[in-house]
Structures are given as C-alpha cells and as structure tokens.
Amino acid sequence: MTWKYERDETPRRKHQWDRDEPGFVEVNGVTVGKCPSSMTVARAEAALNSGYEYRPRRGWTADYPERIYAVLDGVVYRATPTNPGVSYHGFPELREKFKDRREVRDAIMELAKRDGSEKEVSKWLSKA
C-alpha cells in the first residue's frame, strides 16, 4: 500500500512554521510538533512509505496502520491517519508522548541506521 501525505489540513495548520528545523511550541497549553519549513510533500510521502507501520497487536482490526514512524535527519516523526486507509499527517514526535514498546524502539533504531543517525536517535530514545 502507498500512503499519501496530507499537509496542513484544518486544524493541522498548527504544525506549520517558518523555521527550517523541527521543533515544538506551546499552543493553549498543548505541546505541538513543528516540521521544518523545507519539508516537502514528496519527502513526507517518501518517509511515510519507508517508515515503520505500527499496528497494535490487540484491538486493531483496520487494514491500515494506527501510526507510522519515520526518522529524518536524526529526528523521530510520528504520522497519524487523516483519511483512514488513504492518508496521514506527520510531525516530530515528542519524547514524552512516545509509546515505549520494544518492537517500535527496535524499528526506529533500524530506521536511524538507514538515516545515519543512530547516535542521535539512541540518545532521544534513552530519554523516552
């Protein structure tokens, strides 16, 4: 299956900013991940389609992943469905919100190896 990336659909405009680096800001008491301004739809779709597709072992009956994790330039991203079974929207993953499952950690480290960012991602995971 090939996934599509949906960029900045309402209410997701909150994920857009003018910096060319990923980061986080507080919006009404909620921490929001911001993608680099240079993130293109093509790069986001490539990350989606080469990322780790997480499907919970119990209770998940859909034929699409609940989340897709990707690593780009040493940063862990999480994508969630926008149009279930068709498209996703991704954003930098906040360590505190990361679901600490061994299979997911192992998959993210494998993605980091491909990205050449094992050291940065290992440090990020050790804080999760």
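The values are calculated or read from the model by the stated rules, or taken from the named source; none is laboratory data. Note that the structure is predicted; figures quoted are calculated from it, not measured. Using ideal geometry, Cβ is built from the backbone for each residue, glycine included, and neighbour counts are taken over all protein chains shown.
When you scan segment 61-73, how many residues do you find that are within 12 Å of the chain's Cα centre (by Cα) and without any contact (Cβ under 8 Å) to a residue 60 or more places away in the chain?
6
Is there a residue in segment 83-91 that is of a type in the set (A, V, I, L, M, F, W, C) and more than 22 Å from V32 (Cβ to Cβ)? Steps first, answer last, please.
Applying the first criterion (of a type in the set (A, V, I, L, M, F, W, C)) to segment 83-91 yields 86, 91.
After this cut, where a residue has to be more than 22 Å from V32 (Cβ to Cβ) as well, the list is 86.
Checked segment 83-91: at least one residue is of a type in the set (A, V, I, L, M, F, W, C) and more than 22 Å from V32 (Cβ to Cβ).
Which is surrounded by fewer than 21 Cβ atoms within 10 Å (Cβ to Cβ) and farther than 23 Å from W124 by Cα, of A62, A46?
Numbers: A46 fails: farther than 23 Å from W124 by Cα.
Residue meeting the stated conditions: A62.
Inspect all residues belonging to segment 22-33 and state whether any of them is in a loop (DSSP other than H, G, I, E, B), touching a Cys at 6+ places or on another chain (Cβ under 8 Å), in contact (Cβ under 8 Å) with a residue 12 or more places away in the chain and over 16 Å from E6 (Cα atoms). Lay out the reasoning, then the answer.
Going through segment 22-33, the residues in a loop (DSSP other than H, G, I, E, B) turn out to be 22, 28-29.
Cutting the leftovers down to touching a Cys at 6+ places or on another chain (Cβ under 8 Å) gives us 22.
Subsequent filtering for residues that are in contact (Cβ under 8 Å) with a residue 12 or more places away in the chain retains 22.
Now narrow it down to the ones that are over 16 Å from E6 (Cα atoms): 22.
Yes.
Here are some conditions: (1) over 25 Å from T2 (Cβ atoms); (2) crowded, with 17+ Cβ neighbours inside 10 Å. A112 meets all but one. Which one does it not meet?
The single condition A112 does not satisfy is (1).
Within segment 74-100, restricting attention to residues that are among the charged types (D, E, K, R) and part of a loop (DSSP other than H, G, I, E, B), which residue is nearest to the chain's Cα centre (by Cα)?
Quick first cut of segment 74-100, residues among the charged types (D, E, K, R) only: 78, 93, 95-97, 99-100.
Now restrict to residues that are part of a loop (DSSP other than H, G, I, E, B): 93, 99-100.
Details: E93: 6, K99: 12, D100: 14 Å.
This residue is E93.
Here is a list of conditions, (1) of a type in the set (V, I, T); (2) loosely packed, with under 11 Cβ neighbours inside 10 Å; (3) under 12 Å from the mean Cα position of the chain (by Cα), and V30 meets all of them except one; can you say which number that is?
Only one criterion is unmet by V30, namely (3).
Condition first: modelled with pLDDT under 90 and over 21 Å from I108 (Cα atoms). Can you find one or more residues in segment 59-72 that meet it?
Keep residues of segment 59-72 that are modelled with pLDDT under 90, which gives 59.
Retained after the next criterion (residues that are over 21 Å from I108 (Cα atoms)): 59.
There is at least one residue in segment 59-72 that is modelled with pLDDT under 90 and over 21 Å from I108 (Cα atoms).
So in segment 83-95, with the set limited to residues that are surrounded by fewer than 17 Cβ atoms within 10 Å (Cβ to Cβ) and in contact (Cβ under 8 Å) with a residue 40 or more places away in the chain, which one is nearest to Y64 (Cα to Cα)? Let's see the steps before the verdict.
Going through segment 83-95, the residues surrounded by fewer than 17 Cβ atoms within 10 Å (Cβ to Cβ) turn out to be 83-86, 94-95.
Cutting the leftovers down to in contact (Cβ under 8 Å) with a residue 40 or more places away in the chain gives us 83, 86, 94.
Values: N83: 11, V86: 8, L94: 23 Å.
The residue in question is V86.
Among the numbered conditions (1) within 19 Å of E6 (Cα to Cα); (2) loosely packed, with under 15 Cβ neighbours inside 10 Å, tell me where R101 comes up short.
Looking at each condition in turn, R101 falls short on (1).
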